[in-house]
Amino acid sequence: KQEVTQIPAALSVPEGENLVLNCSFTDSAIYNLQWFRQDPGKGLTSLLLIQSSQREQTSGRLNASLDKSSGRSTLYIAASQPGDSATYLCAVLFSGGYNKLIFGAGTRLAVHP
Amino acid sequence: NAGVTQTPKFQVLKTGQSMTLQCAQDMNHNSMYWYRQDPGMGLRLIYYSASEGTTDKGEVPNGYNVSRLNKREFSLRLESAAPSQTSVYFCASWLAGVRETQYFGPGTRLLVL
């Protein structure tokens, strides 16, 4: 069964810290992997999308890496800010699954001043 | 350009009642999706529509029906609501291309008593 797992489930850090969120998936045959942000009571916002042929993507203070062979992705957030507080979801589009994203349960991040 | 819209935002039902959740997108996307999100879990696919006139079951279709009314609209119906269907429901649409991502609506919070 194709599954996506995120560790840790929750994280609380002081402002300014660099942090890493982890995502693992069970099948290396993927089309792409995305990181989403979800604010409480809101929908999902796509942060970064990595195609299967890519190793990483960067947007501002965010950097996402992809290692298909080990079934892992990491989201690196540099110099965290209170505004980064949200839930971060990893979602994988597995090859052969018609446009069906499989989501991890998310990491709930709290950045305190 | 409103993106993906959902109605209602919040609904309370009694067990056994029926209701339809509405979703519309104005981005001319072919594919549309319905997910549910439960506490501590990622989004799980209920049904999807790859194109106008087609619908297919996702991971958790039991207790739901869908209608792809036209290219813009994709509705989700609960014929006889159960407390286990208490959840947040998200609609999404798909843009296939260089950056293949799904765009999500703001969600509908459903409470079944």
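So what's Rg/Rh here for region B:62-102, counting alpha carbon atoms and using the Kirkwood radius for Rh? Could the numbers behind the result be given before it?
Numbers: Rg = 13.6 Å, Rh = 12.5 Å.
Computed over Cα atoms, the ratio is 1.08.
Of A:Ala91, A:Leu62, A:Leu109, whose Cα points farthest to the positive end of the dipole of region A:56-113 (charges on the beta-carbon: +1 Lys, Arg; -1 Asp, Glu; origin at the Cα centre)?
Final value for the positive-end residue is A:Ala91.
Choose one answer from A:Ser65, A:Ser80, A:Ser53: the residue with the largest mean-square fluctuation in a GNM of chain A with alpha-carbon springs under 10 Å.
A:Ser53
About the Cα centre of chain A, what is the dipole size in debye to 20, counting +1 per Lys and Arg Cβ and -1 per Asp and Glu Cβ, all else neutral?
Working: 9 positive and 8 negative charges, 52 e Å.
So the magnitude is around 260 debye.
Run the dipole for chain B about the Cα centre, Lys and Arg Cβ at +1, Asp and Glu Cβ at -1, nothing else charged, and hand back the magnitude in debye, nearest 20. Intermediate values should be presented prior to the final figure.
Values: 11 positive and 8 negative charges, 41 e Å.
About 200 debye.
Restrict the search to region B:21-86; then list the GluC sites (Glu not before Pro) that DSSP places in a loop and that have at most 12 other Cβ atoms within 10 Å of their Cβ. Walk me through the numbers before you get to the answer.
Details: sites: B:Glu52, B:Glu59, B:Glu73, B:Glu79; in loops: B:Glu52, B:Glu59, B:Glu79.
Passing both the DSSP loop test and the Cβ count: B:Glu79.
Where the centre of each part is set by its Cα atoms, how far does region A:1-64 sit from region A:70-87, in angstrom?
Region A:1-64 and region A:70-87 have Cα centres spaced 7 Å from each other.
Which aspartates and glutamates does B:Lys14 reach when only Cα atoms under 20 Å apart count, and residues fewer than 8 places away in its own chain are ignored?
Those aspartates and glutamates meeting the cut-off are B:Asp38, B:Glu79.
For the protein assembly as shown, give the magnitude of the charge dipole about the Cα centre (Cβ charges: +1 Lys/Arg, -1 Asp/Glu; no others), in debye to the nearest 20.
Numbers: 20 positive and 16 negative charges, 72 e Å.
It works out to roughly 340 debye.
Tell me the Kirkwood radius of chain B: reciprocal of the mean inverse pair distance over distinct alpha-carbon atoms, in Å.
Working: mean 1/r = 0.0714 Å⁻¹.
When all Cα pairs of chain B are included, the Kirkwood radius is 14.0 Å.
From the Cα trace of region A:8-113, what convex hull volume per residue do you get, rounded to a whole Å³?
Details: hull volume 9.8 nm³, N = 106.
Cα-based convex hull of region A:8-113, divided per residue, equals 93 Å³.
For chains B and A, what's the summed buried accessible area, probe 1.4 Å, to the nearest 100 square angstrom?
On the way: alone 6080 and 6080 Å², together 10430 Å².
Chains B and A together bury roughly 1700 Å² of accessible area.
Amide H neighbours of A:Ile30 under 5 Å, at least 5 residues apart or on other chains, H built in the peptide plane: list them.
A:Ser95
So which trypsin sites (Lys or Arg not before Pro) in region A:47-113 are both in a DSSP loop and have at most 13 other Cβ atoms within 10 Å of their Cβ? Don't skip to the end; give the middle numbers.
Values: sites: A:Arg55, A:Arg61, A:Lys68, A:Arg72, A:Lys100, A:Arg108; in loops: A:Arg55, A:Arg61, A:Lys68, A:Lys100.
The qualifying sites are A:Arg55, A:Arg61.
Set the Förster distance to 22 Å, then compute FRET efficiency between B:Thr7 and A:Lys42 from the Cβ-Cβ distance, nearest 0.05.
Values: r = 16 Å, r/R0 = 0.73.
The formula returns an efficiency of 0.85 here.
Taking the alpha-carbon distance from A:Lys68 and a cut-off under 12 Å, which aspartates and glutamates remain once sequence neighbours fewer than 8 residues away in the same chain are dropped?
Within the straight-line limit of under 12 Å, A:Lys68 reaches these aspartates and glutamates: A:Asp27, A:Glu56.
Find which of A:Val4, A:Tyr31, A:Asn18 sits farthest along the positive direction of the dipole of region A:1-65, computed with +1 on the beta-carbon of Lys and Arg, -1 on that of Asp and Glu, about the Cα centre.
It is A:Tyr31, whose Cα lies furthest towards the positive end.
Give the value in nm², to one decimal: projected area of the alpha carbon convex hull of the protein assembly as shown, averaged over all directions.
Working: hull surface 49.3 nm².
Average projection, Cα convex hull of the protein assembly as shown: 12.3 nm².
The values are calculated or read from the model by the stated rules, or taken from the named source; none is laboratory data. Computed from a prediction, not measured in an experiment: that's the story for all the values here. So basically every Cβ, Gly included, is an ideal-geometry build from the backbone, and we count neighbours across all protein chains shown. The area values use the complete protein model at the heavy-atom level, side chains included, leaving out ligands, DNA and RNA. Shrake-Rupley method; radii C 1.70, N 1.55, O 1.52, S 1.80 Å.
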